[in-house]
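Working notes, beginning with the structure itself.
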Amino acid sequence: MFEEQATKVKITSVVIVVGMSAMLAAVVTDHWAVLSPRVEKLNATCEAAHFGLWRLCKKTIFIVEEDPQGKGCGPISLPGAKNCSYFKHFTSGEEAEVFEVKTQKEYNISAAAIAIFSLFFMILGTLCVIFSFGKGRDYLLRPAGMFFAFAGLCIFISVEVMRQSVKRMIDSDETIWIEYYYSWSFTCACASFTLLILSGVALLLISMPHMPRNPWETCMDAEPDTLD
C-alpha cells in the first residue's frame with residue numbers, strides 16, 4: 001500500500017469508527033422514538049413511552065403545565081416512575097404481551113434482525129481494513145468498502161422499518177399514543193448509516209487502480225510495436 005493511499009485509509013477509518021460508535025449507541029439504547037398520549041388536563045399524571053430495538057419503557061409523569069414544545073405528555077426527561085420491559089420475542093411477560101398486541105411485532109423483529117446483520121458486516125469490514133495494511137494486501141480494501149456500505153444500507157433499512165412501526169402505532173386505534181417524535185438514538189442511527197455508506201464508497205474509490213495524471217503517461221510507457 002502506497003503511503004498516500006495508507007493516509008487516506010487511516011482518515012477513512014476514523015470516520016468509520018465514528019459511524020460504528022453511533023450505530024452501536026443506537027442499537028443498545030431505547031430512545032428511538034418517544035410516544036405521548038393526549039393530555040386532557042393539568043395537575044394529573046400521564047404515561048409517555050420510549051422504545052428501541054429491544055425494549056419498551058413507560059414513564060408516568062405528573063403534568064403541572066403544558067409542554068412548551070407541544071409534545072403532549074412530557075418532556076420525557078421529567079421525573080417520574082419508569083417501567084421497562086423487553087419485547088416478547090426476547091422475554092415473556094404481561095407488559096410484553098400488551099406491546100405485542102398494540103404494535104406490529106414483525107416490524108421490531110425485522111429491525112432488530114437487520115441491525116444484527118449490520119454488526120456482522122461491520123466486523124468483516126473492520127477485519128479487511130486491518131489486514132489491508134499488510135504488504136501486498138491492499139486488494140482487501142474493496143471488500144472492506146462493500147461490507148461497510150452493506151452495513152450502512154442495513155441500518156438505513158432498520159431505520160425505515162422502525163419509522164413505519166412508529167407510524168403504525170400512532171395510527172392504530174388500540175394505542176393511547178397520538179403524538180410522537182424521534183429521539184437521539186434515532187439520530188445516531190441516521191448518522192451511522194450516512195457515515196458508513198460514505199466511508200464504504202470512499203474505500204472503494206481509494207482501492208481503484210492509480211490513474212495517470214498525464215494522459216500521455218500510458219502512451220509513453222507503452223512498448224513500441226515491432227514490425228515483422
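Annotations
- Packing-based order for 187-197, 160-170, using average beta carbon neighbours within 10 Å, highest first: 187-197, 160-170
- Taking amide hydrogens as placed 1.01 Å from N in the peptide plane, the amide H of Trp54 sits under 5 Å from that of no residue at least 5 positions away in sequence or on another chain.
- Remark: region 186-197, residue by residue, has Karplus-estimated 3J(HN,Hα) of 5, 5, 4, 5, 5, 5, 5, 5, 5, 5, 5, 5 Hz, where x stands for each Gly or Pro and the curve is 6.51 cos²θ - 1.76 cosθ + 1.60 at θ = phi - 60°.
- 3J(HN,Hα) from dihedral phi, region 131-146, Karplus parametrisation 6.51/-1.76/1.60, rounded to Hz, x for glycine, proline: 6, 5, 6, x, 5, x, 10, 5, 5, 6, 5, 5, x, 4, x, 5
- Under a 5 Å amide H cut-off, with hydrogens placed 1.01 Å from N, Leu35 pairs with Ala49, His50 among residues at least 5 apart or on other chains.
Every read-out reported here was derived from the displayed coordinates using simple, explicitly stated rules and does not represent laboratory data. Every value quoted in this text rests on a predicted model; they were computed, and no experiment measured them. Positions of Cβ are backbone-derived with ideal geometry, glycine not excepted, and every protein chain shown enters the neighbour counts.
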